[in-house]
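*Asks:* Okay, here's the structure, questions in a sec.
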Amino acid sequence: MPRPRQPGRHRRPEPLSAPQGAPALVLAVPGAPTSATRGLAEEVVSIARSELIGLDARIGFLDAEPGGDPVFDEYPSLHDVLARAAADREGDGPAAVVVPLLAGPEASIMRRVRQTIMDSRSAAELTDVLGPHPLLAEALHVRLSEAGLARADRARLFTVNTTADGIVLATVGGEEAVQAAGVTGLLLAARLAVPVMAAALDIDGSIAGTAEQLRASGSQQLAVAPYLIGPEIAPELLVAAAEEAGCPGAEPLGSYLTVGKLVISRYSAALGLPQDRQGMPVR
């Protein structure tokens, strides 16, 4: 029996259901498979399933060795997951919609994902990365507040008083990633009412140079906010970035709620489902 809906204007909307015969959502996770990255990916997929009931969601790791069984293998490769999705597919249309677990563009990773899709012969469709998006600015704000680097109003997440007066938004993927992160950085700056500048972890001197620019403009208490989900970079590089900037840093975005919501947003857009202003599927 369906659950009765809560009365009143503030009732929680009922989750939508995936269209019948919809292709699988395959979350493409960069980096080597570990228990930590597997747990993160499973949490993101769990959020996605809660947003779209009946969703066939699967996880594939870009750096896992192909040739295993994607059903029983604890760390299946993206290639094997796509091949299995193609074998399971009945009827026409793509076997899967591949959503890269990336906040911003990372050309080398995206090239490898595209090549894996071609090698698997799965006729899968690849979506864009998750950002830039206002929901990622919210996630960055929360991670900074969790680290004690920004305080947030409980109800609306707007800053009451911030510890950091300048934010280095650390991304990976060169200048293209820096420009894309800058869009979300503007949204974060509006939330925190402090300057936010993006810098690339994979460009020598970018983090230190950006920190110096912020200090030259009057900011003294800086913080590093990783514009990253997590698996796309080694954790020690974030520690080194904070040391290079001479300031504390927050945790990566990880499996924060809005990350899972954006995965569904990309998937539903690929299927042509109706969406609201934030890209969430609607009835």
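*Asks:* Among (1) in a helix (DSSP H, G or I); (2) surrounded by fewer than 17 Cβ atoms within 10 Å (Cβ to Cβ); (3) among the acidic types (Asp, Glu), there is one condition Asp80 misses while meeting the rest; what is its number?
*Replies:* The one condition Asp80 does not meet is (2).
*Asks:* Of the numbered conditions (1) modelled with pLDDT of 95 or more; (2) out of contact with any strand residue (DSSP E or B) (no Cβ under 7 Å at 6 or more places or on another chain); (3) of a type in the set (A, V, I, L, M), Val98 fails exactly one; give the number of that condition.
*Replies:* Every listed condition holds for Val98 apart from (2).
*Asks:* If you take the residues in segment 189-205 that are open to solvent by less than 40 Å² (accessible area, probe 1.4 Å) and of a type in the set (Gly, Ala, Ser), which one is farthest from the chain's Cα centre (by Cα)? Before the answer, list the steps.
*Replies:* Just the residues of segment 189-205 that are open to solvent by less than 40 Å² (accessible area, probe 1.4 Å), to begin with: 189, 192, 194, 196, 198-200.
Pick out the ones that are also of a type in the set (Gly, Ala, Ser) and you get 189, 198-200.
Numbers: Ala189: 19, Ala198: 17, Ala199: 18, Ala200: 17 Å.
Across segment 189-205, the extreme among qualifying residues is Ala189.
*Asks:* Something else about it: If I ask for residues that are farther than 12 Å from Arg143 by Cβ, in contact (Cβ under 8 Å) with a residue 12 or more places away in the chain and assigned to a loop (DSSP other than H, G, I, E, B), which ones from segment 228-247 would you list?
*Replies:* Once the filter is applied, which keeps residues that are farther than 12 Å from Arg143 by Cβ, in contact (Cβ under 8 Å) with a residue 12 or more places away in the chain and assigned to a loop (DSSP other than H, G, I, E, B), segment 228-247 yields Pro231, Glu232, Ile233, Gly246, Cys247.
*Asks:* Hey, another quick one. Determine which member of the set Gly272, Gly230, Gly246 is open to solvent by 30 Å² or more (accessible area, probe 1.4 Å), touching a Leu at 6+ places or on another chain (Cβ under 8 Å) and over 13 Å from Ile47 (Cβ atoms).
*Replies:* On the way: Gly272 fails: touching a Leu at 6+ places or on another chain (Cβ under 8 Å); Gly230 fails: open to solvent by 30 Å² or more (accessible area, probe 1.4 Å).
Of Gly272, Gly230, Gly246, the one residue that is open to solvent by 30 Å² or more (accessible area, probe 1.4 Å), touching a Leu at 6+ places or on another chain (Cβ under 8 Å) and over 13 Å from Ile47 (Cβ atoms) is Gly246.
*Asks:* Here is a further query. Looking at Thr163 and the list (1) at pLDDT 95 or above; (2) outside any helix (DSSP H, G or I); (3) of a type in the set (Ser, Thr, Tyr), which single condition is not satisfied?
*Replies:* (1)
*Asks:* For segment 39-47, indicate whether the set of residues that are open to solvent by less than 50 Å² (accessible area, probe 1.4 Å), at pLDDT 85 or above and not aliphatic (A, V, I, L, M) is non-empty. Quick ask: steps written out before the conclusion?
*Replies:* Restricting attention to segment 39-47, the residues satisfying the condition of being open to solvent by less than 50 Å² (accessible area, probe 1.4 Å) are 39-41, 44-45, 47.
Keeping just the survivors that are at pLDDT 85 or above gives 39-41, 44-45, 47.
Right, trim to not aliphatic (A, V, I, L, M) and you get 39.
The answer is yes, given that some residue of segment 39-47 is open to solvent by less than 50 Å² (accessible area, probe 1.4 Å), at pLDDT 85 or above and not aliphatic (A, V, I, L, M).
*Asks:* Out of the residues in segment 206-227 meeting the condition of being assigned to a loop (DSSP other than H, G, I, E, B) and open to solvent by 10 Å² or more (accessible area, probe 1.4 Å), tell me which one is nearest to Tyr256 (Cα to Cα).
*Replies:* Within segment 206-227, the subset assigned to a loop (DSSP other than H, G, I, E, B) is 217-221, 227.
Of the ones still in play, those that are also open to solvent by 10 Å² or more (accessible area, probe 1.4 Å) are 217-218, 220-221.
Values: Ser217: 32, Gly218: 32, Gln220: 29, Gln221: 26 Å.
The selected residue is Gln221.
*Asks:* What residue, of Arg121, Arg191, Arg151, is without any contact (Cβ under 8 Å) to a residue 60 or more places away in the chain and under 30 Å from Asp80 (Cα atoms)? Spell out the reasoning first.
*Replies:* Values: Arg191 fails: under 30 Å from Asp80 (Cα atoms); Arg151 fails: under 30 Å from Asp80 (Cα atoms).
Testing whether each residue is without any contact (Cβ under 8 Å) to a residue 60 or more places away in the chain and under 30 Å from Asp80 (Cα atoms) leaves just Arg121.
*Asks:* Next question, about the same structure. For Met110, only one of the following conditions fails: (1) part of a loop (DSSP other than H, G, I, E, B); (2) surrounded by fewer than 22 Cβ atoms within 10 Å (Cβ to Cβ); (3) within 22 Å of the chain's Cα centre (by Cα). What is its number?
*Replies:* Among (1) part of a loop (DSSP other than H, G, I, E, B); (2) surrounded by fewer than 22 Cβ atoms within 10 Å (Cβ to Cβ); (3) within 22 Å of the chain's Cα centre (by Cα), Met110 violates only (1).
*Asks:* Additional query: Hey, can you tell me all the residues within segment 58-69 that are surrounded by fewer than 21 Cβ atoms within 10 Å (Cβ to Cβ) and not charged (D, E, K, R)?
*Replies:* Across segment 58-69, the qualifying residues are Pro66, Gly67, Gly68.
*Asks:* Specify the residue that is surrounded by the fewest Cβ atoms within 10 Å (Cβ to Cβ); the eligible residues are those in segment 165-186 that are β-branched (Val, Ile, Thr) and within 18 Å of the chain's Cα centre (by Cα). Even if it seems obvious, please write down each step before you answer.
*Replies:* The first filter runs over segment 165-186 and keeps only residues β-branched (Val, Ile, Thr), leaving 167-168, 171-172, 178, 183-184.
Going one step further and asking which of them are within 18 Å of the chain's Cα centre (by Cα), we end up with 171-172, 178, 183-184.
Values: Thr171: 32, Val172: 25, Val178: 23, Val183: 16, Thr184: 27.
In this case the residue turns out to be Val183.
*Asks:* The conditions are (1) out of contact with any strand residue (DSSP E or B) (no Cβ under 7 Å at 6 or more places or on another chain); (2) surrounded by fewer than 19 Cβ atoms within 10 Å (Cβ to Cβ); (3) not basic (Lys, Arg), and Ile53 fails exactly one of them. Which is it?
*Replies:* (1)
*Asks:* Right, next: Restricting the search to segment 128-147, which residues are in contact (Cβ under 8 Å) with a residue 24 or more places away in the chain and open to solvent by 10 Å² or more (accessible area, probe 1.4 Å)? First the steps, then the outcome.
*Replies:* Step one: filter segment 128-147 for residues in contact (Cβ under 8 Å) with a residue 24 or more places away in the chain, giving 128-144, 146-147.
Within segment 128-147, Asp128, Pro132, His133, Pro134, Leu135, Glu138, Val142, Arg143, Glu146, Ala147 meet the criteria.
The values are calculated or read from the model by the stated rules, or taken from the named source; none is laboratory data. Quick caveat, the model's predicted, so the values are computed rather than measured. All Cβ positions, glycine included, derive from the backbone under ideal geometry; neighbour counts span all protein chains shown. Calculation scope for accessible area: heavy atoms of the full protein, side chains included, ligands and nucleic acids excluded. Shrake-Rupley method; radii C 1.70, N 1.55, O 1.52, S 1.80 Å.
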